[in-house]
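For reference, the structure discussed in these notes is given below.
What follows is calculated from the coordinates using simple rules that are stated; it is not laboratory data. Just so it is clear, the structure is predicted and the values come from calculations on it, not from any experiment. Heads up, the Cβs are rebuilt from the backbone with ideal geometry, glycines too, and the neighbour counts pull from every protein chain shown.
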């Protein structure tokens, strides 16, 4: 059963489970137990599975380790500690592994030292030995691995991938049979992706090897829903999830947060002024705080902020950038400086969001929306080093949508409404890897293997036919007999219901190719006719470019000419704005839950505003004052007065101009003419998060393209999506109604499959899945196959696989990944059914030019400092026209 | 589609039919492709041979042609013929003969060892280029030699394709014939038959990056692209004009 741990134990109860040596070490080093520790010592010592969530600085790691260290010293004191692995600690980050190693090494030494002092030579007599710890990751040198094989550490610190390799190393496996504890750290970073799915299967395989149970301990920062995470951690025993207790200490740190606008008027204030005020405000915060951690949402943004702060103010080496594109050394250096308190401010994209102890941060400053409540709480939680401290966080917003979003987001954080995560279910590519791994260790009965797999939470619902289809694929049963020697990764006897190892190279192939992180490639952008390299773009972005497209890179504009291999040739562009939206994969997507919260807020405010307009017969915005009830409604959110005023006028403008405000209960569809081009736009103000919008836009796009018999350009945004038409299409309420009724009639899965079939997204994801399922080997007989090569013809491989079977496992998985992980098909379908039932209403309006709520969407919705100038001018023009109409 | 009075580009197929020779002309089959790729770790499903044979069968039934001229690169591997390829080569010869098509091979750059099969298969193989009727067939990795009095030059090697941008701004790649002139003599470039090697979109590549030395003289921008795909064959006009869509 999964249940919450009832109440904390008293300090005496907790410390009472420790032996005198461990206890006195703990009491010497810590003045008290932190909230999670008050549960964990006792429960872990009783061998209970435990999921612990707690913020940074709450002694989370120690809460997991102390009882285990205690147990190992118990063994040692009784002369029973052997050269075996008793505890495996797994984290997704190598850097974190090294950190943990250093943090545990000392206590182990210290405790042993006190034992030695007390026991003297008796140590040898009684066979008391040191409790050892060792790190094993991809970075571990061969010599150390060999040493580890002979004398394995009692506590093994590793990554999911290295664990998988150990499970297939026939000698090392012997050392794992003694495992009693497994700790998974940063569980929120694993449970929602394929790396975590991979790990879940590894744990079940470890369970098979240890021939029984080990205690599972999960550590996480902020995550929701917790019972889902607990099931992921412990898996199933038959039809029931294994027992697990949840310790939720994630709210033990107080939050002090506010959303701020750098200027009073985000529309008309001169863009230079906005930028100046923004940096002044940042400077003020840094100067008034002991140490500040700034989050931007992009790597380029990180560099820009550091550059600007140094240029504008008197900062030098006391400010540093930290992001994924920097070398490992420079990142480590920044972390060290932070820890020692030598940095006044660090600027990061996402890389400092989790993991390493980074010392005492007083304020976390977020520039622009972090797009998810969980992420915001996680980031702000980096402030305030001890669990008793208050985490101080500020968000500076960059436009009016941002303002609404960030205010609601912080409101939700204070109310503890988090975004939920989802574990990918039945990922066939990851399973394919493990089946090969399993076949290498023994001959399997198919049903036994099937039930082992099903005990992992991400496969609990796995259909038997998918399992056997995968075995057939892996056995090479889709090619002729003579080629199976090359294609087959295992043998499968359907009649005998068994499978096992095939070929002498399979093990090498397996060890070199396992893992779930796809090879990605950066395309070099080069100025045509020179050899000047101006930066990188993503492959996926390249595939969307056509000759003449103008795009932004590093704050400058370039016109795309042509590409060759992994190089894109461009010429510097003098045009004023990009013609193609910045690729948003670098931008974080708005979560479904936060979108709903915003929809809810819009609903409440919209009702108040409509009342206000009706009651006071307001016709023009000018001269109206914000009524008290609206002031106090917005005031429930953590915002300053400037922001309240800005939100009020934003909503008033929309209500006066369009008569409707889209909300959780109203899908507003706006048909309008482009402002400075001849295009027509159909804008869906659907506030459902990026993943749902991604799916919905494609579904509507497909149906509308068919009904209207035309090609449609699509733009997806966090606040909705829009279709562009070269010629005026015949859009009526009826056309819309029919589209909805067609889409809500049964599942849209077949339609969605068709809609994504010919996209670059499909090509790319298919390549990833094919690589994970060992159809395209990244490492083979000493060769490393480049991504370019992998990508070549993936469209054709796709076609070839389709001609074999529409349900070919690799194909099926590629669709699943796109529709369920990249997009959110289930919630898109839910939305459609709500539209049909009238639980969400829809309304078509026609406007002479885009309504205020569409402005940011029309201008690419790119909330970043980059190209703010151009967007800003455009926005001003748009806004002026609106105000002229409603009389500002 | 009728290219000349004598040459028909079969609708929707990467195959030319030459009436005066009663022959099909194809190029770049790269048989055994998957086997070679598998050795490099790309386990492509085996469909190339099957698809090629389906195409040839359709062309043979439509035209009742008596021979099939393979204008180079019937097989894939550079160095030696391996078992996989041998099987497919064997099956190819057997199958086309069953369709009453006599194979005629022009050697391509991938065909170094194909000579070996002249005897056992009783094959007609031309080493460099071949004057057949009024036409000069050559693969294309080298310049043609004896072009005097030739009515048309026919080559392969380039795997030509064009990129077309649809209204939604997405690029689609379709393989194509290229029709133009080389030293004032008409030149026809055949599309690749190979399922996996569809080629590059020529209208988005610089002239210098093309494979065949023929394009040092023949200006590809003045050649017409006749696209094959989606069940039809369509003239898209000059490559030069397709560069700015």
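Percent of alpha carbon pairs in chain A separated by more than 47 Å?
Working: 110545 of 393828 pairs.
Result for the distance tail: 28 percent.
Given the Cα-Cα distance of residue A:885 and residue A:749 and 0.36 nm per residue of separation, how much length would full extension add, in nm? Write down the numbers at each step before the final one.
Numbers: separation 136, 0.36 × 136 = 48.96 nm, distance 4.32 nm.
Once the chain is fully extended between residue A:885 and residue A:749, it gains 44.6 nm.
What list of whole percents do you get for P(r) of the stretch A:357-515, with Cα-Cα distances grouped in 5 Å bins up to the one holding the largest distance?
Taking all Cα pairs of the stretch A:357-515, the binned fractions are 2, 8, 13, 13, 10, 6, 5, 6, 9, 9, 9, 6, 2, 0 percent.
Under a 10 Å cutoff between Cα atoms, tell me which one of B:107, B:62, B:75 has the largest fluctuation in the Gaussian network model of chain B.
B:62
So if I average 1/r over every pair of distinct C-alpha atoms in the stretch B:1-160 and take the inverse, what Kirkwood radius in Å does that give? Working shown, then result.
Details: mean 1/r = 0.0625 Å⁻¹.
16.0 Å is the Kirkwood radius here.
Can you give the FRET efficiency to the nearest 0.05 for residue A:139 and residue A:171, using r as the Cβ-Cβ distance and R₀ = 22 Å?
On the way: r = 21 Å, r/R0 = 0.95.
Calculated value: 0.60.
Out of the DSSP beta bridges found with both residues in the protein assembly as shown, what percent are antiparallel (nearest 5)?
Numbers: 73 of 157 bridges.
Given both bridge residues lie in the protein assembly as shown, the antiparallel proportion sits at roughly 45 percent.
Modelled label-to-label distance, residue B:241 and residue A:74, 7 Å Cα→beta-carbon offset: nm?
Simple spin-label model gives 8.6 nm for this pair.
Before anything else, pin down the relative contact order of the stretch A:182-321: Cα pairs under 8 Å, at least 6 apart, normalised by residue count, whole percent. Numbers along the way, then the final one.
On the way: 87 pairs, mean separation 21.2, N = 140.
RCO, the stretch A:182-321: 15 percent.
Along the principal axes of its C-alpha atoms, what lengths does the stretch A:254-414 span, in descending order and rounded to whole Å?
Cα extents, longest axis first: 43, 35, 28 Å.
Evaluated at 10 °C with a viscosity of 1.306 mPa s, what Stokes-Einstein diffusion coefficient in µm²/s does the stretch A:457-568 have when Rh comes from the Kirkwood expression over alpha-carbon pairs?
Values: Rh = 18.5 Å.
In µm²/s, the coefficient is 86.
With each run of n ≥ 4 DSSP H residues scored as -39500 (n - 2.57), what mean residue ellipticity at 222 nm is computed for chain B after dividing by its residue count and rounding to the nearest 500 deg cm²/dmol? All intermediate terms of the calculation are to be shown ahead of the outcome.
Working: 6 runs with 51 residues, N = 245.
Here the helix-only value at 222 nm equals -5500 deg cm²/dmol.
Modelling each spin label as a point 7 Å along the Cα-to-Cβ direction, I'd like the residue A:738/residue A:243 distance in nm, to one decimal.
Here the modelled spin labels are 6.2 nm apart.
Taking R0 as 51 Å, what's the FRET efficiency between residue A:566 and residue B:20 from their Cβ-Cβ distance, rounded to 0.05? Present the calculation step by step, with values, prior to reporting the outcome.
Values: r = 46 Å, r/R0 = 0.90.
Working from the Cβ atoms, E equals 0.65.
Give me the inter-chain shielding for B:43-55: mean count of other chain Cβ atoms within 10 Å, whole number please. Intermediate values should be presented prior to the final figure.
Values: counts 15, 10, 14, 7, 8, 2, 0, 2, 3, 0, 0, 0, 0.
Partner-chain Cβ atoms within 10 Å, mean over residues of B:43-55: 5.
Assuming R0 = 45 Å, can you tell me the calculated FRET efficiency for the pair residue A:277 and residue A:82, based on Cβ-Cβ distance, to the nearest 0.05?
Numbers: r = 65 Å, r/R0 = 1.44.
For R0 = 45 Å, the calculated efficiency reads 0.10.
If each residue of separation counts as 0.36 nm, what is the full-extension length gain between residue A:210 and residue A:264 once their alpha-carbon separation is subtracted? The partial results should precede the final answer.
Numbers: separation 54, 0.36 × 54 = 19.44 nm, distance 6.37 nm.
This chain segment gains 13.1 nm when fully extended.
Would you mind getting the Kirkwood hydrodynamic radius of the stretch A:200-289 from its Cα pairs, rounded to one decimal in Å? List each step's numbers first, then the result.
Numbers: mean 1/r = 0.0553 Å⁻¹.
Value: 18.1 Å, from the Cα pair sum.
Obtain the nm distance between the two label points defined at residue B:87 and residue A:728 by a simple spin-label model: each point lies 7 Å from its Cα along the Cα-to-C-beta direction.
Between residue B:87 and residue A:728, the simple spin-label model gives 6.4 nm.
Tell me the relative contact order for chain B as a rounded percent, counting alpha carbon contacts under 8 Å between residues six or more apart. Present the calculation step by step, with values, prior to reporting the outcome.
On the way: 560 pairs, mean separation 46.7, N = 245.
Reported relative contact order: 19 percent.
Taking 0.36 nm per residue of sequence separation and subtracting the Cα-Cα distance, how much length would be gained by fully extending the chain between residue A:628 and residue A:98, in nm to one decimal?
Working: separation 530, 0.36 × 530 = 190.80 nm, distance 5.55 nm.
Extending this stretch completely gives an extra 185.3 nm.
Cα extents of the stretch A:115-171 along the three principal axes, largest first, in whole Å?
41, 19, 18 Å, listed from the longest principal axis down.
Under Stokes-Einstein, with the Kirkwood radius over Cα pairs standing in for Rh, what whole-number D in µm²/s applies to the stretch A:2-248 at 20 °C and 1.002 mPa s?
Details: Rh = 18.3 Å.
Translational D for this selection: 117 µm²/s.
Which number do you get for Rg(Cα) / (2.2 N^0.38 Å) in the stretch A:15-109?
On the way: Rg = 13.3 Å, N = 95, 2.2 N^0.38 = 12.4 Å.
Normalised Cα radius of gyration, the stretch A:15-109: 1.07.
Using Cα-Cα distances under 8 Å and only pairs 6 or more residues apart, what relative contact order does chain A have, in percent?
Numbers: 1604 pairs, mean separation 100.0, N = 888.
Relative contact order for chain A comes out at 11 percent.
How many partner chain Cβ atoms sit within 10 Å of a residue's Cβ in peptide A:485-493, on average, as a whole number?
On the way: counts 1, 7, 6, 1, 1, 0, 0, 0, 0.
Partner Cβ neighbours, averaged per residue: 2.
For peptide A:799-812, what's the mean number of Cβ atoms from other chains within 10 Å of each residue's Cβ? Mind dumping the intermediate values first?
Numbers: counts 6, 10, 3, 2, 5, 3, 1, 0, 0, 1, 0, 1, 0, 0.
Counting other chains' Cβ atoms within 10 Å and averaging over A:799-812 gives 2.
For helix A:592-615, report the angle its Cα long axis makes with the longest principal axis of the Cα atoms of chain A; keep it between 0 and 90° and round to the nearest 10°.
30
Measure out, as a whole number of angstrom, how far apart the alpha-carbon centroids of the stretch A:680-722 and the stretch B:177-194 sit.
43
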